[in-house]
Amino acid sequence: MPTFKSILIVCICCFFAGISSAQDKFEYYKINRIKIAPLRVLYHPFEPGLELSYEHVFRPHWSFEVTGNRIFALITDSNFHSRKGWAFGSEIRYHFNSINFDHYYLSLGGAFAHSKTEATFYFRPSKDPTDTTVGFPDDSLKYKDAFTAYRNTSFITIRVGKILNLVPFHIEVSCGISIIYRDHWHVNRLHPDDYFWYNHYWRVNRRGLDRDVGWLFRIPMQLKICYSFGEKYANRRPEVGY
């Protein structure tokens, strides 16, 4: 599974390679965009928080973006006490029209997220393999336990987006397909092999608290508000000594 360090190194190398390529071989572009994803605090089920992005346009149709997210839970309850963590990602984008006007883009990117969640839920003893009875477990067997859940998630995402330019601001809306590898485990459990109580299980899944390891697909939708700055473009390379 990719680690945060490996993803960070690849992203940094790609970023500086893009800047170097833009300055040495292509027309000189200096378009920069700072972005915020305001709805992520509310709509993201597993990695909510404050997400900031920086995009650098290094060719007429190409740009590179890096994103950081401070994970936290704005909404908590008696079972779900807190969630803290971070996420880091990057993507390369191809813009189908001039970057100075409304247009569509296609991107390919990756990300890694790590979070820690404090929660309290009811559990029931794991079922005896020799027990063949059918139906809900006996309510008298349930017990409440506090635990800590850790979650590592790696993403690879292909995305199609629309950019609406409102100079110097613009709005991005996008949708894509993500291939995800997640590793989610519990610590500080009284009985780690026991199960969540059945009438709490839907809340466990909604919060992403169940233990799990493996692959899955997701269709991510996103809204970003952006601010652009810098020179829009130059038709020639800067002369030496300029």
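Listed from fewest to most Cβ neighbours within 10 Å, the set VAL66, VAL173, VAL167, VAL57 follows the order VAL167, VAL173, VAL66, VAL57. Pairs from the table (LYS116/LYS162; LYS144/LYS224; LYS30/LYS162) lying more than 29 angstrom apart at Cα are LYS116/LYS162; LYS144/LYS224.
Given R0 = 35 Å, the distance between the Cβ atoms of TYR122 and ILE177 translates into a calculated FRET efficiency of 0.45.
For the range 81-94, 3J(HN,Hα) computed residue by residue from phi via the Karplus equation (6.51, -1.76, 1.60; θ = phi - 60°) reads 8, 6, 9, 9, x, 8, 9, 9, x, 8, 7, 9, 10, 10 Hz, glycine and proline entered as x. Neighbour counts of C-beta atoms inside 10 Å place CYS175, CYS226 in the sequence CYS175, CYS226, starting with the fewest.
Among SER178, SER78, the order by Cβ neighbours within 10 angstrom, fewest to most, reads SER78, SER178. Between TYR227 and ASN205, residue separation times 0.36 nm minus the direct Cα-Cα distance comes to 4.3 nm. Extension gain for the segment LEU50 to ASN97, taken as residue separation times 0.36 nm less the Cα-Cα distance, is 13.9 nm to one decimal.
A short reminder: the numbers here are calculations on the coordinates, not readings from a lab. Treat the numbers as computed from the prediction; the structure is a model and nothing was measured. Methodologically, a virtual Cβ is constructed for each residue, glycine included, from the backbone with ideal geometry; neighbour enumeration extends over all protein chains shown.
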